[in-house]
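**Student:** What follows is a single structure, and I will ask about it in a moment.
The values are calculated or read from the model by the stated rules, or taken from the named source; none is laboratory data. Computed from a predicted structure; not experimentally measured. Every residue, glycine as well, gets a Cβ built from its backbone with ideal geometry; the counts of neighbours run over all protein chains shown. Please note that ligands, DNA and RNA were not included when accessible areas were found on the heavy atoms of the full protein model with its side chains. Shrake-Rupley method; radii C 1.70, N 1.55, O 1.52, S 1.80 Å.
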Amino acid sequence: MTTESYLHTLPLWGWGPVRTRLTYLAVFLVLSFLYAWLSDYNFATGTGNLSMVLFLAANVYFPFKRLLLHYRIKGVQSFMNRLLVYHIWLNTLSFLVACVHCYIALWGNYWLMLALTLMGLLTFCGFLMWIKYQPGHVKKGIYILHTQQLLFFVMLFAMLKGHYVF
């Protein structure tokens, strides 16, 4: 069993030259900051809105994957691989923006801390899966933890409950 991470084989942001990827990333980050700054009443709620938009955009991957499996659509694996890369980066950015939102918001509660902790746990487990963390007994547990829907729905419930949606 090897302990290499295979990071050099994984695309960072789509495909293409590094300069193009960095340009797209810089434009995306500037637009994200402007959205958070100008979108709502204040920067705290703007970062919350940005985190929500990134989170929703990142997790389009799963309903799309379920539809492809259900209807047995073939020949879209390269598109799904690219969508997985976006899932990884957008969820990571969503978690980082959620941390900023939590830090600058004027209020908080246990539900929100639970949601942020679960979001961090899922993001960290996803990152370990992305770098192909090797120890076999840990790898299977990380995969099960990251892909189970119950934890995802508990996180969503805690997020909604913490923001007094219900």
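**Student:** Of everything in the stretch 130-154 that's hydrophobic (A, V, I, L, M, F, W, C) and within 13 Å of the chain's Cα centre (by Cα), which residue is nearest to residue 89 (Cα to Cα)?
**Tutor:** Per the stated criteria, the residue is 130.
**Student:** Only one of these is in contact (Cβ under 8 Å) with a residue 40 or more places away in the chain, assigned to a helix (DSSP H, G or I), of a type in the set (A, V, I, L, M, F, W, C) and farther than 27 Å from residue 34 by Cβ: 111, 89. Name it. Walk me through it before giving the result.
**Tutor:** On the way: 89 fails: farther than 27 Å from residue 34 by Cβ.
Unique residue meeting the criteria: 111.
**Student:** Across the stretch 12-55, which residue is modelled with the highest pLDDT among those that are over 15 Å from residue 89 (Cα atoms), hydroxyl-bearing (Ser, Thr, Tyr) and touching a helix residue (DSSP H, G or I) at 6+ places or on another chain (Cβ under 7 Å)?
**Tutor:** 47
**Student:** Cβ-Cβ distance below 6 Å, separation of 6 or more or different chains: which pairs start in the stretch 139-166 with a residue that is modelled with pLDDT of 85 or more and end on one that is open to solvent by 60 Å² or more (accessible area, probe 1.4 Å)?
**Tutor:** 158/111; 158/114; 161/111; 162/111
**Student:** Here's something else I'd like to know. Can you tell me which condition residue 93 does not meet? The list is (1) modelled with pLDDT of 90 or more; (2) more than 14 Å from residue 58 (Cα to Cα); (3) buried (at least 16 other Cβ atoms within 10 Å of the Cβ); (4) not aromatic (Phe, Trp, Tyr), and all the others hold.
**Tutor:** (2) is the only condition that residue 93 fails.
**Student:** Next question. For the stretch 56-63, does any single residue satisfy the condition of being open to solvent by less than 30 Å² (accessible area, probe 1.4 Å) and either outside any helix (DSSP H, G or I) or over 27 Å from residue 26 (Cβ atoms) (or both)? Step through it out loud before you land on a result.
**Tutor:** Quick first cut of the stretch 56-63, residues open to solvent by less than 30 Å² (accessible area, probe 1.4 Å) only: 58-59, 61.
From the residues that got through so far, the ones that are either outside any helix (DSSP H, G or I) or over 27 Å from residue 26 (Cβ atoms) (or both) too are 59.
Within the stretch 56-63 (the criterion being open to solvent by less than 30 Å² (accessible area, probe 1.4 Å) and either outside any helix (DSSP H, G or I) or over 27 Å from residue 26 (Cβ atoms) (or both)), the answer is yes, since at least one residue qualifies.
**Student:** Of everything in the stretch 96-117 that's under 15 Å from residue 158 (Cβ atoms) and of a type in the set (Phe, Trp, Tyr), which residue is surrounded by the most Cβ atoms within 10 Å (Cβ to Cβ)?
**Tutor:** 111
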